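Accompanying notes for the structure given below.
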Amino acid sequence: PAFLRFQRQFLLGYLPALAADWLQGPLLFQLLHSRGFLRSQIAALYSCGFASNLAFGLVSAAFVDRLGRKKSCVLSSGLCSVSCLLQLSRDFLALAAGRVLAGLGTSLLFSAFECWYVHEHLECHDFPAEWIPGTFSRVALWNSGLAVAAGLLAQLVAEGLALGPVAPFLVAIPFLALSGIFAGKNWDENYGKSRSCSKACGEGLRGLLSDPRLLLLGLVQALVESILLIFAFLWTPVLEPHGIPLGIAFSGFTAASAAGSALFRRGVTGRLRLQPL
């Protein structure tokens, strides 16, 4: 019972932030296009978000350990909220700043929350380490459902409110506020080992170079992520001229992704006992 209460407390802080992140995906290209920007300018705005995510991702672990995991979770919600508000602007530099903040907030979203949970699970509550995968399996299940629901909700509010494609970004702000306030009030602070960002990056680089399999895995993962990011940029201009509701299409993509993950898990752990290459 104590573990289930702790797990529920984590999910109540983490899932709203994930929902807000998904809400910002379906209509971003359409929003920027409606502001009158060329496709090359939209590509530059996308790249601002990707670049800030990449650059901060190199030092995010050391930053989170030094600042504090709970503070980093609250900071993630704040950065993403400001990013959503900046989407109301028609100024290119303001929108670029919004994409940079979104990249920073997303980097914290996918590092600080999990680091906080693992530390609390092991160090503060002394629960068995074997229970950690169960929590993240539940997160993955909920995350798939939130992704599908976010596409439908984004389409609904974009059509139902006079604000158009910026509406999902404004709807995301209450979810971010809920996540930040809940974490700030109900979670305890914890810290990691204090180390410099250069030392953390050096350790990661040495780890990659010391094992060719890790380097190969990283390269393959980078290629896969590159394909997904290119797809995230191209799918809207391909589908929009045909009048396909973009939020519903987004829900279809995420539902297919969830189904593929479920089939993979079934193939690996079920009777077939398939082995990943």
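The values are calculated or read from the model by the stated rules, or taken from the named source; none is laboratory data. Keep in mind the model is a prediction, meaning the values are calculated, not measured. Cβ: placed from backbone, ideal geometry, glycine included. Neighbour counts: every protein chain shown. Each accessible area value is taken on the protein alone, full model and side chains, heavy atoms only, with ligands, DNA and RNA left out. Shrake-Rupley method; radii C 1.70, N 1.55, O 1.52, S 1.80 Å.
Can you confirm whether Gly151 is farther than 23 Å from Asp65 by Cβ, more than 14 Å from the chain's Cα centre (by Cα) and either of a type in the set (Phe, Trp, Tyr) or open to solvent by less than 10 Å² (accessible area, probe 1.4 Å) (or both)?
In short, yes.
Does Ser179 fit the bill of being part of a loop (DSSP other than H, G, I, E, B), farther than 20 Å from Ala255 by Cα and in contact (Cβ under 8 Å) with a residue 60 or more places away in the chain?
Details: part of a loop (DSSP other than H, G, I, E, B): no; farther than 20 Å from Ala255 by Cα: yes; in contact (Cβ under 8 Å) with a residue 60 or more places away in the chain: yes.
Considered against the rule, which asks whether it is part of a loop (DSSP other than H, G, I, E, B), farther than 20 Å from Ala255 by Cα and in contact (Cβ under 8 Å) with a residue 60 or more places away in the chain, Ser179 comes out as no.
What helices (runs of 4 or more DSSP H) completely inside segment 71-168 contain at least 2 residues that are of a type in the set (Ser, Thr, Tyr)?
The helices (runs of 4 or more DSSP H) meeting that bar are 92-109, 132-160.
So that you can scan it fast, the table gives a plain yes or no per residue for (1) closer than 29 Å to Gln7 by Cβ; (2) surrounded by fewer than 20 Cβ atoms within 10 Å (Cβ to Cβ); (3) of a type outside the set (Gly, Ala, Ser); (4) touching a strand residue (DSSP E or B) at 6+ places or on another chain (Cβ under 9 Å):
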{"residue": "Ile42", "(1), (2), (3), (4)": "no, no, yes, no"}
{"residue": "Phe50", "(1), (2), (3), (4)": "no, yes, yes, no"}
{"residue": "Leu54", "(1), (2), (3), (4)": "no, yes, yes, no"}
{"residue": "Arg90", "(1), (2), (3), (4)": "no, yes, yes, no"}
{"residue": "Ala97", "(1), (2), (3), (4)": "no, yes, no, no"}
{"residue": "Ala102", "(1), (2), (3), (4)": "yes, no, no, no"}
{"residue": "Thr106", "(1), (2), (3), (4)": "yes, no, yes, no"}
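Among the listed residues Arg5, Arg69, which satisfies the condition of being farther than 25 Å from Gly151 by Cβ and surrounded by 23 or more Cβ atoms within 10 Å (Cβ to Cβ)?
Working: Arg5 fails: surrounded by 23 or more Cβ atoms within 10 Å (Cβ to Cβ).
Exactly one residue qualifies, and that residue is Arg69.
Checking Arg8 against (1) within 30 Å of Pro245 (Cα to Cα); (2) assigned to a helix (DSSP H, G or I); (3) of a type outside the set (Gly, Ala, Ser): exactly one of these is not met. Which one?
(1)
Within segment 197-254, can you find the residues that are within 17 Å of the chain's Cα centre (by Cα), exposed (fewer than 11 other Cβ atoms within 10 Å of the Cβ) and not hydrophobic (A, V, I, L, M, F, W, C)?
Gln221
Before we move on, is Val59 surrounded by fewer than 19 Cβ atoms within 10 Å (Cβ to Cβ), closer than 23 Å to Leu229 by Cα and β-branched (Val, Ile, Thr)?
Judged against the criteria, Val59 is a match.
If you take the residues in segment 226-277 that are aliphatic (A, V, I, L, M) and not in a helix (DSSP H, G or I), which one is nearest to Gly160 (Cα to Cα)?
So, considering only residues that are aliphatic (A, V, I, L, M) and not in a helix (DSSP H, G or I), the one nearest to Gly160 (Cα to Cα) is Ile244.
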